[in-house]
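Novice: Attaching a single structure in structure tokens format; questions to follow.
The values are calculated or read from the model by the stated rules, or taken from the named source; none is laboratory data. Note that this is a predicted model, so its numbers are computed, not measured. Because the Cβ atoms are built from the backbone with ideal geometry, glycine has one as well, and the counts that use them run over all protein chains shown. Ligands, DNA and RNA are excluded from the accessible area calculation, which covers all protein heavy atoms including side chains. Shrake-Rupley method; radii C 1.70, N 1.55, O 1.52, S 1.80 Å.
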Amino acid sequence: MNHPIATPSYPEVCSSCGWYRALKGECRLCAKDSLISPPKELGHVLPPLPSPPSMGLRKKEDLRVVVQSVGSQPRKGKTERVLAAKKEGAVRFVCISDTHGRHRLLPSIPDGDVLIHTGDITASGEYSQLADFADFLHNLPHRHKVLIAGNHDATLHAPFYKEHSFRFHESPEDSWKCESLFKAKEGEEASSGIHYLRDSSVTLFGIKLYGSPWCRPYHHWAFNIEDEPRKALFEQIPSDTHILLTHNPPKGRRSQVENNVDAGCGFLLKKVFEVKPLVHVFGHVHPNYGKTID
């Protein structure tokens, strides 16, 4: 049986659905499921990474959130939006997601105190793309960069990738080496302010951010897990979370995909309403970028 293999660093785009092609020409999104052998088990739960120590949390009721949108890539005939000047004492969080190895092609990233990336850094977890993204982050002016993985970052889900690396790469990548790009050595501060979260948190400027990469099963990708283990993982989201990062959207919130299917997670939506974070940042469903206020 032939299997789709890895895309190059800057892959072609499918003329049908706008997604990435495999090297042999088949689109990895439009291709029939028969081209990919179903995994024996959907998803493998990794132990959470340790969280940096708390720096003293600020109360949610003492914080005011102002959301400004600069859109996605500039469109023909439209000028790029400019962010208003940051007020004294404010902390600016700049949020991006689903760059898929094309971070160097972003027209601009607004300056701020913290950059957030909510997964799908790569096309399928290539070390070359992860290393270039790490270098890209190091050279951004933001004091802190907080990121999680997405379903396309296959090498960052080591047990899954060990079993299914043949689907993505002709020669298997080193998952430990890939993840080490974003993890500080034990006892050291985060490298150049990079904080990689997986069911863990970091407190910056007295604001607690919690990140989780898990998604509903979708085309047998990384970090896909069934209902019960996913529910258990989302139950771990701390009640004092100010900003929540997930890759999967909550159900009914910019989560609609093809054929009117809702790719959002009901368990996540329930937990968001329980925790009431000031902001929930997520990606995954490309056409539905934007903001929603509940």
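Novice: One residue is enough: does the range 278-285 have a residue meeting the conditions touching a His at 6+ places or on another chain (Cβ under 9 Å) and at pLDDT below 80?
Specialist: Yes - at least one qualifying residue is present in the range 278-285.
Novice: When the range 110-137 is examined, which residues are found to be of a type outside the set (Asp, Glu), open to solvent by 10 Å² or more (accessible area, probe 1.4 Å) and without any contact (Cβ under 8 Å) to a residue 60 or more places away in the chain?
Specialist: Going through the range 110-137, the residues of a type outside the set (Asp, Glu) turn out to be 110, 112, 114-119, 121-125, 127-131, 133-134, 136-137.
So of that shortlist, the ones also open to solvent by 10 Å² or more (accessible area, probe 1.4 Å) come out as 110, 112, 127-128, 131, 136.
The answer is 110, 112, 127, 131, 136.
Novice: Quickly run through the range 204-225 and pick out the residues that are under 13 Å from the mean Cα position of the chain (by Cα) and either acidic (Asp, Glu) or not in a strand (DSSP E or B) (or both).
Specialist: 213, 214, 222, 223
Novice: Among all residue pairs at least 6 apart or on different chains, which show Cβ distances below 7 Å where the first residue, located in the range 255-274, is under 17 Å from residue 237 (Cα atoms) and the second is at pLDDT 80 or above and hydrophobic (A, V, I, L, M, F, W, C)?
Specialist: 267/234; 268/234; 271/234; 271/237; 272/244
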